[in-house]
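Novice: One structure, as structure tokens, below. Some questions next.
Where a number appears in this text, it was derived from the coordinates with a stated rule and is not lab data. Since the structure is predicted, the reported quantities are computational estimates derived from the model, not experimental observations. Positions of Cβ are generated from backbone atoms using ideal geometry, with glycine treated the same way; all protein chains shown enter the neighbour counts.
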Amino acid sequence: MAGIYGAALHGGRARLVRVEALLGRGLSRIVLVGMPDAVAREARERLPAALRRHGFGFPKGKVLLNLVPAQIPKGGLPLDLAMAVSVLVRQGSLQSPVRPWLFLAELDLEGRLHPPARGTLLAALAAGSSKLAFAGVITAPEVASEAALAPGVPAYAAADLGEVAALLEAPGNGEPAAPLDPGGEAGTSLRLEDVRGQQQARWAAIIAATGGHPVLFQGPPGTGKSMVARRLAELLPALDPATALELAKVEAALGRVRAMPRRAPLRAPHNTISAQALLGGGQPLRPGELSRAHGGVLFLDELPEFARPALEGLRQPLEDGEVRLQRVREWATFPADALLVASCNPCPCGFLTHRRIPCRCTPARLAQYRLRVSGPLLDRFDLFVEMGPVAAEALDGPPGPPTSAMASERMARARARQEERCARGQVGRAGRATLEQLLATGVAASARVLLRQAADQLQLSGRGHLRCLRVARSIADLDGSAILEREHLQRALLYRRVTTEEGASTG
Ligand SMILES: [Zn+2]
């Protein structure tokens, strides 16, 4: 007898669960073994009514339902339909299918199918990549297109047990569901030139999007920090298919997938977010906002207002491009290749760097504010942009460069440079490059001299030195230049963090 399968969510992914039924003598009752959760235990109470509603009858005596493998806790996905089909096959109401099938639905007393709240795509992927050669997935109509995103296995929609039985008796008669459509095209609503003045910040957004450089915008309220940050995500290219699927899996672990992701995501959690909601957690383990920003931008507005554990927890995942969560009986890895974009005020009142409005903060309050974000986290930012108030003439004149059109033209140039390097086995985007990788891309002698001088005179730390070179590489790429010239480095030096870098090490 080929397997009747359901699935459970564990460790951030779906595990296939085989449902075996055994009929015995004695008192009429349903016994469920194999670490079922409370939801699965309740499901058995609904089975007899659902089966009888569709004219199948329900066996008298003891019905034993065994969930295999036994050592994985079952939960996260409904096992109702798999249990029902297993009983139907065992009592002879349905022929035993030749190949295994995956069943993903809850049943009501009328025998109607209801979709899983989350995890449909994850379960379908598990079946599609299984060596067992699944014949198909049967689920509720609402999520059949989500299941159909999984390669290697057709997905079928059924409204009730009667339709499920018909499909299993003659699978050839069923039409597999079409996969979900991709999400909308790259947006054109937010343009860089909507931000008046702030040319250095607009260039910083382009450099950050080009090389994948974390960027921090600092300035008084009303200078357009979050406007620039939000436009940065629009500059990122459309997701490649592998990244889009990873992102869809993250969404599937949290709920239903509404569209196949296509654009780079922008996640902008509020500063009251908990470390768990930002990084992932819960039981079973679920991804957080960081993973929902995979392939796109994680924007933290008012960086110093975020809880310290949330911020500190970001450091390692951002370095690795993935977040690892460890609990007593469960561990999970979620993707976290997100570009960190943040904004902050220069001080609690916001006006420390303002030319006309005086700062009202006490020295003690100022010192406390600066300690809220640790040196090692600040060290993650390659680009640091000080934004001042916009001059009145910039508000009503033409926007001036750079515009979004200019950005896409320059970025296409940069991508060509990056692809050329990748083809030669060198580093592409500079955001995570090491010093050796950067030097190997071709750095002019005059630029090396300037870098040594800068390191000396500005007392750049080792990390500061590396950051300047990374940013300079991306600036050279935007210029379409294979060689990193002295002027690229000069421009990169404008984006270094001045306050703490030129002084004691922040390590
Ligand atoms: Zn202040």
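Novice: Mind running the shape call on segment 192-402? Use the C-alpha gyration tensor, a ≥ b ≥ c as the square roots of the eigenvalues: rounded below 1.5 for a/c, prolate if a/b tops b/c, oblate otherwise.
Specialist: Taking the square roots of the gyration eigenvalues as a ≥ b ≥ c, segment 192-402 is oblate.
Novice: Scan around Gly400 for amide H atoms under 5 Å from its own, H built in the peptide plane at 1.01 Å from N, and keep only partners 5 or more places away or cross-chain.
Specialist: Amide H neighbours of Gly400: none.
Novice: Given the options Gln426, Gln326, Pro358, identify the residue whose Cα lies farthest towards the positive end of the charge dipole of segment 292-444 (+1 on Cβ of Lys, Arg; -1 on Cβ of Asp, Glu).
Specialist: Ranked along the dipole, the leading option is Gln326.
Novice: Let's see if you can work this out: charge +1 on each Lys and Arg Cβ, -1 on each Asp and Glu Cβ, no other charges. What is the dipole magnitude of segment 192-402 about its Cα centre, in debye to the nearest 20?
Specialist: About 560 debye.
Novice: OK, next. Could you give the size of the charge dipole of segment 401-497 about its Cα centre, using +1 on the Cβ of each K and R and -1 on the Cβ of each D and E, expressed in debye and rounded to the nearest 20?
Specialist: Result for segment 401-497 is approximately 300 debye, rounded to the nearest 20.
Novice: Let me make sure I get this right: for segment 360-507, a, b and c are the square roots of the gyration tensor eigenvalues over alpha carbons, sorted descending. Under 1.5 in a/c it's rounded, otherwise prolate if a/b > b/c, else oblate. Which is it?
Specialist: Oblate, since a/c reaches 1.5 and b/c is not below a/b.
Novice: Within segment 275-311, find all residues whose amide N lies under 19 Å from a label point positioned 7 Å from the Cα of Trp331 along Cα-to-beta-carbon.
Specialist: Inside the label zone: 279-288.
Novice: Around Ile72, what is the net charge, scoring Lys/Arg as +1 and Asp/Glu as -1 over all other residues with Cβ under 14 Å from its Cβ?
Specialist: +3
Novice: While we're here: Rounded, prolate or oblate: which fits the chain, taking a ≥ b ≥ c as square roots of the Cα gyration tensor eigenvalues, rounded meaning a/c under 1.5, else prolate when a/b beats b/c?
Specialist: prolate
Novice: How about Lys74: which aspartates and glutamates have a C-alpha closer than 19 Å to its C-alpha, ignoring those fewer than 8 places off in the same chain?
Specialist: Within reach: Glu20, Asp37, Glu42, Glu45, Glu106, Glu330.
Novice: Another question, then. Where Lys and Arg each count +1 and Asp and Glu each count -1, what net charge lies around Val39 among other residues with Cβ under 14 Å from its Cβ?
Specialist: Net charge in that neighbourhood comes out at -1.
Novice: Separate question: At Arg256 and Arg448, where each label point lies 7 Å from the Cα along Cα→Cβ, what is the point-to-point distance in nanometres?
Specialist: A separation of 6.1 nm, rounded to one decimal place.
Novice: Per residue of the chain, what 222 nm ellipticity follows from adding -39500 (n - 2.57) for every DSSP H run with n ≥ 4, rounded to the nearest 500?
Specialist: Rounded to the nearest 500, it is -11000 deg cm²/dmol.
Novice: Here's something else I'd like to know. What stretch of the chain, leaving out the sites themselves, is the longest with no trypsin sites (Lys or Arg not before Pro) in a DSSP loop having at most 13 other Cβ atoms within 10 Å?
Specialist: In short, 132-257.
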